[in-house]
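K.L.:
Sharing a structure, written as structure tokens. Questions coming.
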Amino acid sequence: AKDPVRVLVTGAAGQIGYALVPMIARGIMLGPDQPVILHMLDIPPAAEALNGVKMELVDAAFPLLKGVIATTDVVEACTGVNVAVMVGGFPRKEGMERKDVMSKNVSIYKSQASALEKHAAANCKVLVVANPANTNALILKEYAPSIPEKNITCLTRLDHNRALGQISEKLNVQVSDVKNVIIWGNHSSTQYPDVTHATVTTPAGEKSVPELVKDDEWLKSGFISTVQQRGAAIIKARKLSSALSAASSACDHIRDWVCGTPEGTWVSMGTVPAGLIYSFPVTCRNGEWTIVQGENFSIFPVVFPLMSSQGRS
Ligand code: NAX
């Protein structure tokens with residue numbers, strides 16, 4: 001049997017945490033034959049709720065779950081972890097300026113970064129989910145200089161999956177047959193969902209999404225704004241922000257990173273290729289991501305559309 005992998009979830013008493021921990025314990029993140037030990041961190045006001053989540057994990061009798069730590073101690077939470085999913089953070093409340101949230105998150109991510117740096121397993125893979133995800137990832141990177149840059153990522157897979165979902169609905173095809181959309185930028189409403197290279201697997205082979213959609217107007221406006229504004233639409237409908245889709249996408253992100261992307265498929269990840277955190281298309285093999293490049297696939301005209309005279313390739 002495999003040795004258990006230790007997975008940290010911060011903010012585990014929150015709503016994404018509540019959806020995420022059972023997925024991890026069921027093997028959705030690391031595979032159906034991979035035992036796990038969950039490390040759940042939250043803050044003292046949420047300690048009792050966190051303990052309730054631990055009780056439910058015990059009650060669910062997950063065969064792969066070999067242990068649960070529920071703690072408000074950041075060092076205990078980070079010790080020995082192989083995967084860290086950073087969901088906890090300070091939400092922006094009514095009347096708060098962006099910079100107020102930022103300074104709260106700087107101090108949170110600073111202390112969690114140094115705990116990870118000192119106490120996590122070597123080669124720990126970090127996924128930042130808490131918003132602003134790219135900035136929090138950057139803070140974490142700054143305060144954990146000995147964690148390799150390539151091990152610090154943030155979540156844009158939810159946006160990627162939302163784009164797949166929209167294409168699948170528009171074309172009335174299975175979402176599992178749609179692939180290779182790209183999310184450029186940040187997890188925010190300025191992100192750029194791109195279907196230029198996306199394809200659908202059909203009985204007659206791979207077909208280009210722009211050719212199948214035949215609706216340039218929709219691709220250029222409706223599709224992009226639906227994906228960009230999807231988070232807000234969920235809040236309006238549920239009176240709560242996305243949780244099950246965020247948790248599921250976090251599992252997809254880690255699974256593909258650790259287990260590899262299928263041949264010919266890429267996914268979107270917020271990565272740090274040059275000191276900035278930005279979402280790119282990546283393929284993963286042997287636990288490492290590589291930004292997709294190739295013939296007819298220059299990223300720069302897409303990344304910096306305003307700086308390019310030629311537009312997107
Ligand atoms: P909740 O408010 O339900 O949960 C957050 C949890 O974090 C709470 O239990 C809170 O006590 C805890 N927490 C606060 N400070 C902490 C600290 N210093 N250490 C450990 N835990 C701490 O929020 P939820 O809906 O679960 O969302 C979590 C985060 O994900 C938010 O920042 C949210 O904006 C972000 N999201 C990011 C997405 C993405 O695609 N990157 C999409 C979904 C989500 O909106």
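K.L.:
Can you find a residue that is closer than 15 Å to residue 14 by Cβ, in a strand (DSSP E or B), in contact with a helix residue (DSSP H, G or I) (Cβ under 6 Å, 6 or more places away or on another chain) and within 9 Å of the ligand (Cβ to nearest atom) anywhere in the stretch 76-94?
P.N.:
Checked against the condition, which is being closer than 15 Å to residue 14 by Cβ, in a strand (DSSP E or B), in contact with a helix residue (DSSP H, G or I) (Cβ under 6 Å, 6 or more places away or on another chain) and within 9 Å of the ligand (Cβ to nearest atom), the stretch 76-94 yields no hits at all.
K.L.:
From the list 191, 228, 174, which residue is of a type outside the set (Lys, Arg) and touching a Pro at 6+ places or on another chain (Cβ under 8 Å)?
P.N.:
Details: 191 fails: touching a Pro at 6+ places or on another chain (Cβ under 8 Å); 174 fails: touching a Pro at 6+ places or on another chain (Cβ under 8 Å).
Only one candidate qualifies: 228.
K.L.:
Evaluate the stretch 137-145: report whether one residue or more is in a loop (DSSP other than H, G, I, E, B) and either within 13 Å of the ligand (Cβ to nearest atom) or surrounded by 16 or more Cβ atoms within 10 Å (Cβ to Cβ) (or both). Break it down into steps so the answer makes sense when it comes.
P.N.:
Residues of the stretch 137-145 in a loop (DSSP other than H, G, I, E, B): 144-145.
In the following step, the residues that additionally are either within 13 Å of the ligand (Cβ to nearest atom) or surrounded by 16 or more Cβ atoms within 10 Å (Cβ to Cβ) (or both) were identified as 144.
Among the residues of the stretch 137-145, at least one is in a loop (DSSP other than H, G, I, E, B) and either within 13 Å of the ligand (Cβ to nearest atom) or surrounded by 16 or more Cβ atoms within 10 Å (Cβ to Cβ) (or both), which makes the answer yes.
K.L.:
Need a quick list: helices (runs of 4 or more DSSP H) entirely within the stretch 207-285 having at least 1 residues that are under 18 Å from residue 87 (Cα atoms) and among the acidic types (Asp, Glu). Break it down stepwise before answering.
P.N.:
Working: elements: 209-213, 223-228, 230-238, 244-259.
Ranges flagged: 244-259.
K.L.:
While we're looking at this one, here's another question. Check residue 52 against each of (1) within 15 Å of the ligand (Cβ to nearest atom); (2) assigned to a strand (DSSP E or B) and name the one condition it does not meet.
P.N.:
All conditions are met except number (2).
K.L.:
Counting only residues that are within 17 Å of the chain's Cα centre (by Cα) and either over 22 Å from residue 29 (Cβ atoms) or polar (S, T, N, Q) (or both), which one in the stretch 232-264 is farthest from the ligand (Cβ to nearest atom)?
P.N.:
Here the residue is 261.
K.L.:
Pairs under 8 Å by beta carbon, first residue farther than 17 Å from residue 133 by Cβ in the stretch 97-116, partner part of a helix (DSSP H, G or I) and more than 9 Å from the ligand (Cβ to nearest atom), six or more apart or different chains?
P.N.:
114/143; 115/75; 115/78
K.L.:
While we're on this one: Of the numbered conditions (1) of a type in the set (Gly, Ala, Ser); (2) surrounded by 14 or more Cβ atoms within 10 Å (Cβ to Cβ); (3) more than 12 Å from the ligand (Cβ to nearest atom), residue 67 satisfies every one except a single condition; which is it?
P.N.:
(2)
K.L.:
I'm trying to understand the selection: among the residues of the stretch 1-40, which are assigned to a loop (DSSP other than H, G, I, E, B) and within 12 Å of the ligand (Cβ to nearest atom)? Before the answer, list the steps.
P.N.:
Going residue by residue through the stretch 1-40, those that are assigned to a loop (DSSP other than H, G, I, E, B) are 1-4, 11-14, 26-35.
Listed by number, the residues that qualify are 11, 12, 13, 14.
Bear in mind that the values in this text are calculations on the coordinates, not laboratory data. Only a predicted model underlies this, so the values are computations on that prediction, with no experimental measurement involved. Reconstructed Cβ throughout: ideal geometry from the backbone, glycine too, with neighbour counts over all protein chains shown.
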